[in-house]
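**Student:** Before anything else, here's the structure in question.
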Amino acid sequence: MSFCIAIDGPAAAGKGTISKAVAQHFGFAHLDTGLLYRATGAKTFEGLSPIEAAQTLTAQDLERDDLRSADAGQAASRVAAEPAVREALVDFQQAFARREGGAVLDGRDIGTVICPDAEVKLYVIASDEVRARRRHKELVEKGEEITFEEVLDDLRERDERDAARATAPLKPADDAVVIDTTSMSIEQAVAKVIELIEVKLG
Ligand code: CDP
C-alpha cells in the first residue's frame, strides 16, 4: 500500500524534525525535498547552471556537508524559482511519494504540486522569531558564524521569494491542516501530528 504524508511550510518551521519523527513512528520512508534544492543550489557554486545542476543531481550530491548552511539555503531558494529546475525534480519526488509502505515528504509544494492527493496534508508554521531562534541555534551548533538577525533576515527573504514565485509557490493546500508550533515543544508538535495521522489511517 502507499500512503503519502505531505508536510509543507515556511523555512525552519520544524517540518524536518516533525517529518523524521513521524516517519520513524509509522515506519515510513522520509524525503527532505529541501535537500534536493539545496544540493542543486550548491552545485551552482561550482559554475553549473541551475538546470544542469538539477538534471545531473546524484545521490552523492545529497551527501555534501555544506547543504545545511545559510548560503546553500539561499542558493536553493534562487534555483527553486526556475520552473525547469522544479520540473527536473518532479518524477523522483512523485515516485518516492507513492512507494510501497508509506512516505513522508517535507517541502514547500508537496501538498499542492507533488502529491495533491496525499492522504494527509500538513502546513507547519511558527512565528518568525521562534523560527529564527531555532535555526540560529542549529547553525551555531554546527560551527557557522552567523548572528540571530542574519538568520531572521535569511528566513524572511527566502519565504518572500518562495511565496512570490509563479511556479509552485509556498502556500498551504486548500485541504491542509495548519499546525502552529510557535508555543509547542517538538515533542508536543510530533504528538499532535501522530494523532492526526492515526485518525486518517483508521
Ligand atoms: O530547512 P528550511 O525550511 O530552511 O529549508 P529547506 O526545506 O531545506 O528548503 C530550502 C529551499 O528550497 C527553500 O527556501 C525553497 O526555496 C526550496 N524548496 C522548494 O522550493 N520546494 C521544496 N519542495 C523544498 C524546498
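**Student:** Consider residue 158 carefully, then state whether it is of a type in the set (Lys, Arg) and in contact (Cβ under 8 Å) with a residue 60 or more places away in the chain.
**Tutor:** yes
**Student:** State which residue is farthest from residue 15 (Cα to Cα) when the search covers only segment 169-198 and only residues that are of a type in the set (D, E, K, R) and not in a loop (DSSP other than H, G, I, E, B).
**Tutor:** The residue in question is 198.
**Student:** For segment 57-80, give me each residue that is of a type in the set (A, V, I, L, M), surrounded by fewer than 17 Cβ atoms within 10 Å (Cβ to Cβ) and part of a helix (DSSP H, G or I).
**Tutor:** If the condition is that a residue be of a type in the set (A, V, I, L, M), surrounded by fewer than 17 Cβ atoms within 10 Å (Cβ to Cβ) and part of a helix (DSSP H, G or I), then 62 is the only one that fits.
**Student:** Scan segment 105-121 and give yes if some residue there is more than 14 Å from the ligand (Cβ to nearest atom), more than 22 Å from residue 69 (Cα to Cα) and of a type in the set (Val, Ile, Thr), otherwise no.
**Tutor:** Yes, the conditions are met somewhere in segment 105-121.
**Student:** Residues of segment 122-142 being out of contact with any Ser or Thr (no Cβ under 8 Å at 6 or more places or on another chain), away from the ligand (no atom under 11 Å from the Cβ) and under 14 Å from residue 10 (Cβ atoms), which ones?
**Tutor:** 122, 123, 128, 129
**Student:** If you don't mind, another one. Quick one: is residue 103 surrounded by 20 or more Cβ atoms within 10 Å (Cβ to Cβ) and either closer than 25 Å to residue 193 by Cβ or among the acidic types (Asp, Glu) (or both)? Before the answer, list the steps.
**Tutor:** On the way: surrounded by 20 or more Cβ atoms within 10 Å (Cβ to Cβ): yes; either closer than 25 Å to residue 193 by Cβ or among the acidic types (Asp, Glu) (or both): yes.
So residue 103 passes the test.
**Student:** Give me the pairs, please: first residue somewhere in segment 119-139 and in contact (Cβ under 8 Å) with a residue 12 or more places away in the chain and assigned to a helix (DSSP H, G or I), second residue anywhere and polar (S, T, N, Q) and crowded, with 22+ Cβ neighbours inside 10 Å, beta-carbon distance under 7 Å, and either six or more positions apart or on two chains.
**Tutor:** none
**Student:** Scan segment 81-104 for residues that are charged (D, E, K, R) and either part of a helix (DSSP H, G or I) or within 14 Å of the ligand (Cβ to nearest atom) (or both) and jot them down.
**Tutor:** 82, 86, 87, 91
Any read-out appearing in this document is the output of simple, stated calculations on the displayed coordinates, not a laboratory observation. Computed from a prediction, not measured in an experiment: that's the story for all the values here. Note that we place each Cβ from the backbone using ideal geometry, even for glycine, and neighbour counts take in every protein chain shown.
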